[in-house]
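J.: Encoded as structure tokens, here's the structure I'll be asking about.
No value in this document is a laboratory result; all are computed from the given coordinates. Remember, predicted model here, so these are calculated numbers, not experimental data. With ideal geometry, Cβ positions are generated from the backbone for all residues, glycine too; neighbour counts draw on all protein chains shown.
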Amino acid sequence: MDRQHGSVIWFMGLSGAGKTTTARHVAAELLQQGRNVELLDGDELRETICKGLGFSREERIENIKRIVYLAKLLSRNSVDVLVSAITPYQEMRDYARSELPGFVEIYVQCPIGECERRDVKGLYAKARNGDLRHFTGVSDPFEVPQSPDIVIDTASASLQDNSEAVIGWLHANLRFMHAAQRA
């Protein structure tokens with residue numbers, strides 16, 4: 001029996017950009033459409049399967065490799081996987097794309113000032129004070145993606161508009177991607 005892979009829809013951007021909020025909204029819509037969906041949140045995964053990893057470049061890459069592995073297991077069983085993870089380095093995104101059939105890269109763009117305004121945990125302030133090392137966007141780089149499949153801007157568009165843009169893109173492109181996977 002030829003199983004159809006699920007897609008891996010990867011939301012990445014700065015802390016506070018709105019990755020998880022948007023991913024949850026898109027996941028709810030896909031569930032309503034009868035799709036098998038699982039959301040993998042980077043913060044939750046850091047507390048479970050990635051517990052003990054720090055934030056050095058090497059540890060961040062290992063973190064993403066673990067998320068990719070989990071997403072691959074789910075997607076090969078016809079689950080559409082939504083991942084919400086900062087994923088700051090192009091090398092990480094290239095790795096995910098090479099490992100995951102049906103990979104969709106979504107850049108959740110938001111100015112750092114707006115991300116700081118939204119920061120309820122005070123992480124940006126801690127990073128700016130030097131109390132938090134290796135913080136993406138402050139003391140560690142965020143490499144702007146070279147060619148994401150979708151770019152949404154959570155500072156200038158509503159959650160509903162961004163979710164509709166993602167869903168529209170998925171409906172226009174997933175059938176082609178699934179056909180290519182079966183070939």
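J.: In nm, to one decimal, how far is the VAL120 label point from the ALA157 one, both placed 7 Å along Cα→Cβ?
T.: Reported label-point gap for VAL120 and ALA157 is 2.5 nm.
J.: Can you give me the long-range amide H partners of LEU39? Hydrogens built in the peptide plane at 1.01 Å from N, cutoff under 5 Å, separation of 5 or more residues or another chain.
T.: The list, which skips near neighbours in sequence, is LEU82.
J.: Given the -39500 (n - 2.57) contribution per DSSP H run of 4+ residues, what per-residue ellipticity at 222 nm results for the chain, rounded to the nearest 500 deg cm²/dmol?
T.: -14500 deg cm²/dmol
J.: If you don't mind, there's one more thing I want to ask. Just flag the trypsin sites (Lys or Arg not before Pro) in segment 38-101 sitting in loop per DSSP whose Cβ has no more than 11 other Cβ atoms within 10 Å.
T.: LYS51
J.: Taking neighbour Cβ counts within 10 Å as the exposure measure, how do ILE49, ILE86, ILE150 sort from fewest upward?
T.: Fewest-to-most Cβ neighbours within 10 Å comes out as ILE49, ILE150, ILE86.
J.: Ok, one more. Under 18 Å from a label point 7 Å along Cα→Cβ of GLU58: give me every residue in segment 98-134 with its amide N that close.
T.: Backbone N within reach: 134.
J.: Let me ask something additional. Ranked highest first by the average count of other Cβ atoms within 10 Å around their residues, in what order do 102-110, 156-164, 10-18, 24-32 fall?
T.: Values: 102-110: 22.8, 156-164: 14.7, 10-18: 26.2, 24-32: 17.0.
The packing order, highest mean first, is 10-18, 102-110, 24-32, 156-164.
J.: Follow-up question, since we're still on this one. Between TYR95 and LEU31, what is 0.36 nm times their sequence separation minus the Cα-Cα distance? Round to one decimal in nm.
T.: 20.3 nm
J.: Let me ask another. Work from the charge dipole of the chain (Cβ charges, +1 for Lys and Arg, -1 for Asp and Glu, about the Cα centre) and give the residue of VAL108, VAL120, LEU82 farthest towards its positive end.
T.: Going by the Cα projections, it comes out as LEU82.
J.: Then there is this: For the chain, what is the charge dipole size about the Cα centre, in debye to the nearest 20, if Lys and Arg each add +1 at the Cβ and Asp and Glu each add -1 at the Cβ?
T.: Once rounded to the nearest 20, the dipole reads 340 debye.
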